[in-house]
Amino acid sequence: MRRIISLFGVVMLLAACSLQWAGLNNGVSGLTSRDATRLSASAAEKDKVIAEIAQDQDIARLNAALTDVLTQADQRASEQRTQWADLIPSMTFEQKLHVLDVLANERLQLLASDADAPRP
């Protein structure tokens, strides 16, 4: 029962973050599945997505990408995720781009370590 309540709390936090970001990026509450997949596919694909966003100076797509990466962040780091969500709106485009790169790299490392972990 405790796990269900904790899971519900995480879902509510993510929904609140998503709603907050939707207001920042003109109602777009998430990435297309293609972009979300590319950010988690490989370092090369992640770099291509970031380069496309930087080249186009696409703030809506950047905010959506940050939302996606924050919602996929390690569940144990919910306090850190909340701090990022609070700080990101006041950042410049370049700072947001750097944060996206850092968080996406962490996500890729987490996926790689999960893949390397032995199965019970």
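Among the numbered conditions (1) within 14 Å of the chain's Cα centre (by Cα); (2) modelled with pLDDT of 85 or more; (3) not charged (D, E, K, R), the only one that Gln57 does not meet is (1).
In the stretch 60-100, the residue that is modelled with the highest pLDDT out of those that are surrounded by 15 or more Cβ atoms within 10 Å (Cβ to Cβ) and charged (D, E, K, R) is Lys96. Among the residues of the stretch 14-54, those identified as modelled with pLDDT of 75 or more and farther than 22 Å from Leu87 by Cβ are Thr37, Arg38, Ser40, Ala41, Ser42, Ala43, Ala44, Glu45, Asp47, Lys48, Ala51, Glu52. Looking only at the stretch 95-114, residues that are closer than 14 Å to Leu70 by Cβ and among the hydrophobic types (A, V, I, L, M, F, W, C) come to 6 in all.
The values are calculated or read from the model by the stated rules, or taken from the named source; none is laboratory data. Since the structure is predicted, the reported quantities are computational estimates derived from the model, not experimental observations. Every residue, glycine as well, gets a Cβ built from its backbone with ideal geometry; the counts of neighbours run over all protein chains shown.
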